[in-house]
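FYI, it's all coordinate maths here, none of it is from the lab. None of these values were measured; they are calculated from a predicted model. Cβ atoms come from the backbone with ideal geometry, glycine included; neighbour counts cover every protein chain shown.
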Amino acid sequence: MLSRGDRGEAIYHDDEDRRLFLQFLGEVCERTGWLIHAFVVMTNHYHLLLETPEANLVVGMKWLQGTYTQRFNLRYRLRGHLFQGRYKALLIDGEEPGHFLQASSYIHLNPVRAGLVKANQPLKIYPWSSFPSYLASASKRIEWVHVDRVLGELGDQKDSRGSRQRYGRYMEELAKKSREVDGKRELEKKWKPLRRGWYMGDEGYLSRLLELMGKNLEGKRRESYWGDELRDHDERQALRMLRKGLDLLGINQSDLATKAKGAVEKQVLAWWLRKKTVVSRRWISEKLGMGDLSRVTNAVRKVNSGKESEIRRWKMQLEANS
């Protein structure tokens with residue numbers, strides 16, 4: 001979970017702001033039952049690794065950010081939005097081991113990447129993350145921070161002094177690695193799904209997510225999704241429609257490569273995909289091997305006009321079975 005300040009501006013001006021935000025974060029956990037596995041509060045953004053036993057993420061985030069914004073604006077005599085649009089939520093397959101450990105390490109190393117923790121300083125010197133709580137005993141850590149899941153992915157099945165020390169050494173090694181050129185490159189590659197993607201999991205997990213998205217989108221809840229989520233859903237739906245179109249026309253997908261870029265069959269399929277899906281012209285051109293994007297536009301116009309008998313025949317074949 002990531003949320004930034006509007007226009008990249010600061011959402012915390014001092015430690016009092018950070019304390020206030022963490023106070024509200026604790027309160028929203030009580031209200032919603034959220035489980036916070038890791039967090040970091042920076043200057044213009046924050047990260048959360050959270051688990052929602054109940055389907056209340058949207059409600060909880062609305063309360064958290066809305067309440068903090070009100071107090072922030074009151075303190076500084078401001079008005080308007082504080083956070084930049086919608087927060088970014090990355091979905092994690094909790095059944096696959098290693099994902100929580102990877103996400104927590106990415107979150108806890110934010111101060112290192114930002115230069116707030118120097119090479120000669122321990123990571124725990126930065127107080128505005130859950131990392132110090134990972135090193136502390138249960139009686140001394142923030143009460144709503146849950147460390148067991150992450151420690152378990154390091155092979156420790158219980159919260160003990162040894163497991164906490166092991167995690168501390170693990171994180172310090174990563175911090176050292178992140179300051180080296182080769183190490184940083186390796187970690188950036190490893191963290192790419194966290195920074196660029198919208199989910200962490202295998203193909204089976206993605207299929208389950210897209211199936212759920214499909215049901216929600218049928219219920220007119222497209223506004224609940226954005227960016228890469230919608231693109232993956234839309235492209236997978238378009239692939240199904242392409243296969244259906246090829247079957248209806250009696251064409252093998254491998255045959256597309258042997259046909260001319262402006263082949264009648266490709267023109268009709270381009271029209272079909274533009275009518276039945278929301279994918280881009282570029283996607284359609286690449287899948288059909290049509291070359292220039294203008295061929296897709298011209299194909300749609302040509303099929304819609306229906307002047308050529310061969311085009312009308314293929315078009316009727318698709319429409320009769322759609």
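For the chain, the Cβ-based charge dipole about the Cα centre amounts to some 1180 debye (Lys, Arg positive; Asp, Glu negative; other atoms uncharged).
Taking Cα pairs under 8 Å and at least six residues apart, what relative contact order does region 35-131 come out at, in percent? Relative contact order comes out at 36 percent. Label sites at Arg75 and Gln121, each approximated as a point 7 angstrom past Cα along Cα to Cβ, lie 2.1 nm apart. Name the shape class, rounded, prolate or oblate, that the alpha-carbon gyration tensor gives for region 229-320, where a ≥ b ≥ c are the square roots of its eigenvalues, rounded holds for a/c under 1.5, and otherwise prolate holds if a/b is larger than b/c and oblate otherwise. Rounded is the answer for region 229-320, as its axis ratio a/c remains below 1.5. Decide, for region 1-154, between rounded, prolate and oblate: order the square roots of the alpha carbon gyration tensor eigenvalues as a ≥ b ≥ c, take rounded if a/c falls under 1.5, and otherwise choose prolate if a/b is larger than b/c, else oblate. Judged from the Cα gyration tensor, region 1-154 comes out oblate (a/c at least 1.5, b/c at or above a/b). Set the Cα radius of gyration of the chain against 2.2 N^0.38 Å, with N its number of residues, and you get 1.28. Of the residues Tyr76, Ile251, Thr43, the one whose Cα sits farthest towards the positive end of the charge dipole of the chain is Ile251 (charges of +1 on Lys and Arg Cβ, -1 on Asp and Glu Cβ, taken about the Cα centre). Candidates Ser3, Gly306, Gly26 compared by Cα position along the dipole of the chain: farthest toward the positive end lies Gly306, with charges placed on Cβ.
DSSP H helices in the chain with Cα extent of 24 Å or more along the helix axis and mean Kyte-Doolittle hydropathy at least -1.0? The answer, listed by residue number, is 15-32, 57-76. Note on Thr43 and Lys189: the model spin-label points, each 7 Å out from Cα along the C-beta direction, lie 3.2 nm apart.
List the residues of region 242-269 whose backbone N lies under 16 Å from a point placed 7 Å from the Cα of Ala320 along the Cα-to-Cβ direction. Counting only backbone N, you get 245-251.
With loop membership from DSSP and a limit of 12 other Cβ atoms within 10 Å, the longest segment of the chain without GluC sites (Glu not before Pro) is 181-322.
Here the label points at Arg7 and Asp159, each 7 Å from Cα along the C-beta direction, are separated by 4.3 nm in the simple model. Legend: distances between Cα atoms for Lys189/Lys275; Lys62/Lys275; Lys275/Lys307; pairs beyond 30 Å are Lys189/Lys275; Lys62/Lys275. Relative contact order of the chain: 13 percent, from C-alpha pairs under 8 Å at least 6 residues apart in sequence.
Remark: region 1-112 carries a charge dipole of roughly 640 debye about the Cα centre, counting +1 on each Lys and Arg Cβ and -1 on each Asp and Glu Cβ.
Given R0 = 51 Å, the distance between the Cβ atoms of Arg243 and Leu35 translates into a calculated FRET efficiency of 0.80.
Note on Asn56/Lys88: beta-carbon distance plugged into 1/(1 + (r/R0)^6) with R0 of 25 Å gives a FRET efficiency of 0.90. The relative contact order of region 229-320 comes to 32 percent, based on Cα pairs under 8 Å that sit 6 or more residues apart.
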